[in-house]
1. What ranking of D:R238, C:R316 comes out by heavy-atom accessible area, probe 1.4 Å, highest first?
2. If I model a spin label at A:K119 and B:T10 as a point 7 Å from the Cα along the Cα→Cβ vector, what separation in nanometres do I get?
3. Please state, to two decimals, what the Cα-based radius of gyration of the stretch A:150-195 comes to when divided by 2.2 N^0.38 Å (N = residues).
4. What are the trypsin sites (Lys or Arg not before Pro) within the stretch D:129-203 that DSSP puts in a loop, where the Cβ has at most 10 other Cβ atoms within 10 Å?
5. Mind scanning A:K94/A:K286; A:K216/B:K319; C:K117/C:K200; B:K94/B:K286 and naming the pairs with a C-alpha gap bigger than 28 Å?
6. Using protein chains only and a probe of 1.4 angstrom, how many square angstrom of C:E318 are accessible, to the nearest 10?
7. I'd like the Karplus ³J(HN,Hα) series for the stretch D:97-102: coefficients 6.51, -1.76, 1.60, θ = phi - 60°, whole numbers in Hz, and an x wherever there's a Gly or Pro.
8. Mind checking the dipole of the stretch B:5-120: about its Cα centre, +1 per Lys or Arg Cβ, -1 per Asp or Glu Cβ, Debye to the nearest 20?
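The values are calculated or read from the model by the stated rules, or taken from the named source; none is laboratory data. All figures in this text were calculated on a predicted structure; none of them were measured in a lab. Quick reminder, even Gly has a Cβ in these numbers, built from the backbone with ideal geometry, and neighbours come from all protein chains shown. These area figures cover heavy atoms from the full protein model, side chains too; ligands, DNA and RNA do not enter into them. Shrake-Rupley method; radii C 1.70, N 1.55, O 1.52, S 1.80 Å.
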Number of protein chains: 4
Amino acid sequence: MIIVLRPDATEANVSHILEKADRLGLRANVSRGTERTIIGLIGPEDKLQAIPLEVFPGVEKVMPVLAPYKLVSREIKKEGSVVTLKGNVTIGGKNILVMAGPCAIEGHEILLSIAKKVKAAGATALRAGAFKPRTSPYDFQGLGEEGLKMLLAVGKETGLATVTEVMDLRDVDLVCRYADVLQVGARNMQNFSLLKELGKARKPVLLKRGISSTMKEWFMSAEYIMANGNHDVILCERGIRTFETETRNTLDINAVPVVKQKSHLPIVVDPSHGTGRSALVGSIAKAGVAAGADGLIIEVHDNPEEAWSDGEQSLRPEKFEQLMKELALVARAVGRDM
Amino acid sequence: MIIVLRPDATEANVSHILEKADRLGLRANVSRGTERTIIGLIGPEDKLQAIPLEVFPGVEKVMPVLAPYKLVSREIKKEGSVVTLKGNVTIGGKNILVMAGPCAIEGHEILLSIAKKVKAAGATALRAGAFKPRTSPYDFQGLGEEGLKMLLAVGKETGLATVTEVMDLRDVDLVCRYADVLQVGARNMQNFSLLKELGKARKPVLLKRGISSTMKEWFMSAEYIMANGNHDVILCERGIRTFETETRNTLDINAVPVVKQKSHLPIVVDPSHGTGRSALVGSIAKAGVAAGADGLIIEVHDNPEEAWSDGEQSLRPEKFEQLMKELALVARAVGRDM
Amino acid sequence: MIIVLRPDATEANVSHILEKADRLGLRANVSRGTERTIIGLIGPEDKLQAIPLEVFPGVEKVMPVLAPYKLVSREIKKEGSVVTLKGNVTIGGKNILVMAGPCAIEGHEILLSIAKKVKAAGATALRAGAFKPRTSPYDFQGLGEEGLKMLLAVGKETGLATVTEVMDLRDVDLVCRYADVLQVGARNMQNFSLLKELGKARKPVLLKRGISSTMKEWFMSAEYIMANGNHDVILCERGIRTFETETRNTLDINAVPVVKQKSHLPIVVDPSHGTGRSALVGSIAKAGVAAGADGLIIEVHDNPEEAWSDGEQSLRPEKFEQLMKELALVARAVGRDM
Amino acid sequence: MIIVLRPDATEANVSHILEKADRLGLRANVSRGTERTIIGLIGPEDKLQAIPLEVFPGVEKVMPVLAPYKLVSREIKKEGSVVTLKGNVTIGGKNILVMAGPCAIEGHEILLSIAKKVKAAGATALRAGAFKPRTSPYDFQGLGEEGLKMLLAVGKETGLATVTEVMDLRDVDLVCRYADVLQVGARNMQNFSLLKELGKARKPVLLKRGISSTMKEWFMSAEYIMANGNHDVILCERGIRTFETETRNTLDINAVPVVKQKSHLPIVVDPSHGTGRSALVGSIAKAGVAAGADGLIIEVHDNPEEAWSDGEQSLRPEKFEQLMKELALVARAVGRDM
């Protein structure tokens, strides 16, 4: 922790800080420059970050030295983590995982139909929502447990791993009984009560980045899950909010190499939510693979015109099939399999 | 709902949309311009918004006509709402309400000490957190029910209305038993499961705006609470996230007159979180009152250096007392009491 | 300048940096913590900032200690600057200056008519554009020198100081001959060639903040003008770009107290561009005064329906007159005159 | 242009708008819904956009139907444009163009050394600045004409096309005499006086997107150049400003497919400025190619530690050479040559 003092800071101000440091058992290093005095405090960063040093008299600003996340960090674990979704379906290795399916579970027939098609095209996981976070209370909110039953059945029939969102922390056990991966939506990325429950779950968690969360905050939310006992976390970049209105969100492709540098966790790109427009999904999916993503999550629907939610960003199965062929070429060009 | 067709849209595309409209019982109005054909669909907006019209062949873009919120809207209720916190403590009338207190409840003694001082300075509500949403799992998470008991006791002793955050939807009943107003933090603004529970509560809700939520989304979250049965909602602007780093957040002062124009709900400004720096709190509090806010929520702590959280944005009681005098002058200048 | 090394940095990495520092005549302070080694370099910050320390082997991050601006800073000049626009029209003292007028100069008659009304209402400066920065090349671009002549004539007839934008650096001398204050628009805030020319001008400059400029960048642009010889700079907050769409821009009220803290230059608030909607101008103007602004710049037009530009954010003269009365009350409440 | 009226709009309000439309020779279409009346105005969009319809009594909001750009639009020109930089160096066809070189021209020797290396690695254009836009007036501002002479000489010796920035509109002719492509920096994207001068130039223009410019504004700036006579415009995405601080800017990869959809102009991606950190350049360059970019612009320096500007985002020649091989594989995977 570096403390920069104001030009008019007094010796009493310096002593006051040094005493506080001493009481906390921290070492201090005082450096007197031409225009500013700087104090470096050495010791456990968590103890340091709990002190509101900004309000100490004479302090101009405080600069942390270490990142606040630990378990997420590549400093602690050098090699990339491989997370197992189900059987031999894994993410984080050489193979790029594709999760595909409809935004919402609408019925057994249509779910099975879509699942078979995405599997034939090469996807190994099925995504579909039983609980839908909707901005409006008047919109369709999902089929709930009835939908989960369909998901389980279709997962069994096709052999696909299943991914579905959990919104209500009381539903964590329920969803664990039916699905292989628990998704945390962007709006719940900092629902800390939910994150703690997920820390106790024994299924992998797909953690979507909040629409205006910094990567550091995203890592801290992953840290919540890991610190509570569940180390199987998969990060998912799904677009951030900017001033641009041509796309629904701005997929932050830069997050892919930054995650790879800072963390050992696998990273998935969501080009469907990341752009919000089906015509852009293909280009952004390819960009994600080229940038080094470990997986993709893509919305596919038999008939987007009749989809109960997010139809405007869903691909038709034939488009998805074509895209998978193109993606395999890009994957190979960057040394990955698909 | 206005549908703009692409320049190359065909008559078949137009007919396809008109048939869909007809099946849904909607009226349609086709206008053929020099460069574009436009279709206006007339009928209930919620039915309209559920159709993914963007994916219909020939469609270029879709523009909604009506705002998606109803109960929140000033169209439905012309006069401003007055919400009662407790006894004769209300918000939304001529009087400006000030809620003040520490970020976190740290103990009975210190809470009582601060409460007495903010009351003496003119505040009529006490804010203090028993459950703290913290970015890091390693930070202090609040005293929980033990803290709520202290809040109840201090509220009784001082006569102040009490405001505290609820983070876990399982705690709604618990918090209702101890506090007068339930606060929803910025990170939970779109925790729809929590909003639904709050819709069933019989205590007013202070709904903070998410750090990157549009005002429309904020209103939709209030709509969730109201549509589930609780009409006592107070909106709170607490700063949005921008590129600027001089302030922790950017308090969006423009939200005050926009809320007044679009909604009948009371609006509170939070200059402590809105700026994140105690030296800026006074100026922004005055700006909030001048812009037309119905209330303020301000962090005050006996000794910010020792505060367990948010010390850098807390005012000392003597500063708060001085500010209250200055605020009263501004309130009077804009025709309000304080 | 603080240099944080990576956990795997070697002694050779440290030596390499120390040698570089030595060659530049800088002092260095090495602090070895439990998890990181930190090097503090002491010496002139400008020399330090020119070295790309991030690329030196073993370096994790580099943190500057000092703000990069000097002449703008309140550290160099403790008391606030008072800038004279013309005669006894000044900004920066106890009195709050109001500049009002149409967006564009449209003709002598209408400019004179508006000027007389804003003067009667209490404004002491007239704002009106002869060169208009328009997003579209097909929009009205201003009357040019013909417009400047009208501005000069109306300024003389009414005694109002005149403020007008200069867009083309070749026009600086021309505009100086006709107007009292040269305005730099938000889009040109980092047009460094223009800023240098303005540094040579002998008229005050009103420097608008770029729509996505940090305050630090804004101060650096003021520094350009001052470092080139012109110390009469007035800062103007006119709204930044965020994700919000209810307002055309988001007026950043927080900029007012931050400018007052960091700089001695006067600060003006522009509620017309800051919101983009005439119905919001009054509330935001009051907020600006309450927050401590030294001046306001407000668009007023006799007939906004017929305005050649920005009609949607212009006030009618009778609304402006009423607002001026309300603003005077707020000014008095915060110890200012108007 | 679609005009949505307020629920309390009167027949007189409707008539007033229809009269205005009639006076301007526009057709009108009135549609009366259950909750709102809507007026569609049909006629030339530029005439429509000049009327401040928001201030007409009874108007709630105004929604434009057509994009404001014409010459830039793919509606006007279906096939993608191919721009010739010099000889047979073109951009916009099957081949992906790579422009590489140092941020600033520092001397003839070092420029030639870098140029030879980037050429050997496969680049066909050399980028290097003689005029540098620097946030601080105290930073190195470029070698000016002396630097341009070096650029011309090195361009001749190596056969590379040359790309350099023009900041001052008085320098357009000068730069045209020495360089093959004129670059407009992000800060000058809406320096309309400069854009007009470039419209008269007979050299291609590389137009960087402003850090907080919407794509629509970017296209309008290209329209300025084209409307003034120069149709050889190349768009360049170089990162936008968001709240994220891990990267210097957020490269908006979504811009690539959006440009391809909306416009016929070639699009270049700048991973050096887009991320600001050399370790991320490779991943983002590959993402750009995979997303469909027509070219890349990459900073390369023999010794980034000694670079006079932007050293932290420059690649060493050997890294660049390796990257070019990897990029060629990705290019082939998406059906392009390099």
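1. C:R316, D:R238
2. 3.6
3. Working: Rg = 11.6 Å, N = 46, 2.2 N^0.38 = 9.4 Å.
With N residues counted in the stretch A:150-195, Rg over 2.2 N^0.38 Å equals 1.23.
4. D:R202
5. Beyond 28 Å between Cα atoms: A:K216/B:K319; C:K117/C:K200.
6. Number for this one is 110 Å².
7. 3J(HN,Hα) across the stretch D:97-102, in whole Hz: 8, 10, 9, 9, x, x.
8. On the way: 17 positive and 13 negative charges, 148 e Å.
Dipole magnitude for the stretch B:5-120 comes out near 700 debye.
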